[in-house]
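**Q** The following block contains the structure, expressed as structure tokens.
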Amino acid sequence: MLQKLLPFVFLAVTMAFVPQFLDNAPDTVVQGGNGNAGVAKTAQQRTVAPSNAHYTTGKRQVSIKANGHGHFLANFKAGGRSINGLIDTGATYVAMNRSTARSIGVKVSNSDFKHKAETANGIVKAALKNIDRLELGPVSAKNVDVFILDDAALSSTLIGMSFLNKLSSFKVENGQLILTQ
């Protein structure tokens, strides 16, 4: 009987550890500092977070400590580039300015600005685009809808629900935002 079960036990153990060798995403995130909301700081704010990925359960997690203003800032990756973003559960979409979109390979023309976005400074025109992948350490989402605004309308990137809804969960606990995939 044991000889019949041994291959299945070996397969289960192997499957539990394979994902850690397939994941090439960095485990570095920008954690809190004393800067303004929406503007990520320099290297003094960056720390190497301990790997929170739970490969044996198939879940990946990353924790972001709130900054001095209670905001969650992090260093995301899209199009092979780094993007500093403020996580905003009140934003329907990820929102970035035209310059940031261009830097990650999103092409936007004037005719794409068919939508309206309500911002703290009023209603502005926006282009709705899609990015292939948005990553934060071991957590990532594919095909993320993004609102692109003119540079004058938005100075930083907001990471909204079009990213967060692709995760299995997100919660705030002990001053940290925990994202789980």
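**Q** Residue check: is residue 146 β-branched (Val, Ile, Thr), assigned to a strand (DSSP E or B) and closer than 20 Å to residue 82 by Cβ?
**A** When the stated conditions are applied, residue 146 passes them.
**Q** Tell me which residues, restricted to the range 141-152, are over 25 Å from residue 169 (Cα atoms) and open to solvent by less than 30 Å² (accessible area, probe 1.4 Å).
**A** Matches in the range 141-152: 148, 149.
**Q** What do you reckon, is residue 84 open to solvent by 70 Å² or more (accessible area, probe 1.4 Å) and farther than 19 Å from residue 166 by Cβ?
**A** Judged against the criteria, residue 84 is not a match.
Here's the yes/no breakdown for (1) more than 13 Å from the chain's Cα centre (by Cα); (2) at pLDDT below 95:
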{"residue": "86", "(1), (2)": "no, no"}
{"residue": "93", "(1), (2)": "no, no"}
{"residue": "115", "(1), (2)": "yes, no"}
{"residue": "123", "(1), (2)": "yes, yes"}
{"residue": "149", "(1), (2)": "yes, no"}
{"residue": "152", "(1), (2)": "yes, yes"}
{"residue": "164", "(1), (2)": "no, no"}
{"residue": "171", "(1), (2)": "yes, no"}
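**Q** Anything in the range 79-122 that is farther than 21 Å from residue 179 by Cα, touching a residue at least 40 places away in the same chain (Cβ under 8 Å) and among the charged types (D, E, K, R)? List them, or say none.
**A** 98
**Q** Right, next: I need every pair where a residue in the range 160-180 that is under 14 Å from residue 135 (Cβ atoms) has its Cβ under 9 Å from the Cβ of a residue that is open to solvent by less than 40 Å² (accessible area, probe 1.4 Å) and of a type in the set (S, T, N, Q), sequence separation at least 6 or different chains.
**A** Between residues of the range 160-180 that are under 14 Å from residue 135 (Cβ atoms) and residues that are open to solvent by less than 40 Å² (accessible area, probe 1.4 Å) and of a type in the set (S, T, N, Q), the close pairs are 166/140; 167/180; 179/63.
**Q** Does residue 116 satisfy the criteria of being over 24 Å from residue 75 (Cα atoms), in a strand (DSSP E or B) and in contact with a strand residue (DSSP E or B) (Cβ under 6 Å, 6 or more places away or on another chain)?
**A** Against the criterion (over 24 Å from residue 75 (Cα atoms), in a strand (DSSP E or B) and in contact with a strand residue (DSSP E or B) (Cβ under 6 Å, 6 or more places away or on another chain)), residue 116 qualifies.
The values are calculated or read from the model by the stated rules, or taken from the named source; none is laboratory data. None of these values were measured; they are calculated from a predicted model. FYI the Cβ positions are ideal-geometry reconstructions off the backbone, even for glycines, and counts take in every protein chain you see. Please note that ligands, DNA and RNA were not included when accessible areas were found on the heavy atoms of the full protein model with its side chains. Shrake-Rupley method; radii C 1.70, N 1.55, O 1.52, S 1.80 Å.
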